[in-house]
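As structure tokens, the structure follows; a few thoughts come after it.
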Amino acid sequence: MKKFLTILLIVILAGVGGFIYWKYFFVFGDGVKSGHLNYIVRKGDVFKTWEGKMIQEGIRSRTSGSIQSYEFEFSVASDSIANILQMNSGKLFDLHYKEYHGAVPWRGYSAYIVDKVINMREDTK
């Protein structure tokens, strides 16, 4: 009976560990988003993280009768990337991001984590 309980405990701990890894650390997807950087701020009660919003081209409607722009809310992986974004707010950016199933407090409030600035340019319109 003691051997069975030990094996059961190991299986449960491995399952919980696997779920935590899958939910918070497994990269579900990655890609590039382009648009105007709306803002980048550093906030948090315990863990100070960089949070930003980018407005993408085009419009969409979540409910009938309303129009809304595409917004990409994200967290930023490093201070150096955040400083580049902060000094160039309002410009057009191509940002590489990683998508996770869930957010952890020390990484940011969003499941989308920007880890690279691919391109930055002035608005030509």
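The values are calculated or read from the model by the stated rules, or taken from the named source; none is laboratory data. Quick caveat, the model's predicted, so the values are computed rather than measured. Cβ: placed from backbone, ideal geometry, glycine included. Neighbour counts: every protein chain shown. Side chains are part of the model used for accessible areas, which takes the heavy atoms of the whole protein and leaves out ligands, DNA and RNA. Shrake-Rupley method; radii C 1.70, N 1.55, O 1.52, S 1.80 Å.
So which residues in region 73-105 are of a type in the set (Asp, Glu) and open to solvent by less than 70 Å² (accessible area, probe 1.4 Å), if there are any at all?
Once the filter is applied, which keeps residues that are of a type in the set (Asp, Glu) and open to solvent by less than 70 Å² (accessible area, probe 1.4 Å), region 73-105 yields Asp94, Glu99.
When residues of region 81-95 are filtered for being part of a strand (DSSP E or B) and either more than 14 Å from Leu37 (Cβ to Cβ) or of a type in the set (A, V, I, L, M, F, W, C) (or both), how many remain? Write out each step before concluding.
Start the filter on region 81-95 by keeping residues that are part of a strand (DSSP E or B), which leaves 92-95.
Those left that are additionally either more than 14 Å from Leu37 (Cβ to Cβ) or of a type in the set (A, V, I, L, M, F, W, C) (or both): 92-93, 95.
Count: 3.
Enumerate the pairs (first residue in region 10-30 and under 28 Å from Tyr97 (Cα atoms); second residue anywhere and in a loop (DSSP other than H, G, I, E, B)) with beta-carbon separation below 6 Å, excluding pairs fewer than 6 apart on the same chain, so at least 6 apart or on different chains.
Lys23/His101; Lys23/Gly102; Tyr24/Gly102; Tyr24/Val104; Phe28/His101
Just checking, does region 71-92 include any residue being among the basic types (Lys, Arg) and farther than 26 Å from Asp123 by Cβ? Lay out the reasoning, then the answer.
Let us first name the residues in region 71-92 that are among the basic types (Lys, Arg), namely 91.
Narrowing the set further to residues that are farther than 26 Å from Asp123 by Cβ leaves none.
Looking for residues that are among the basic types (Lys, Arg) and farther than 26 Å from Asp123 by Cβ, one finds none in region 71-92, hence no.
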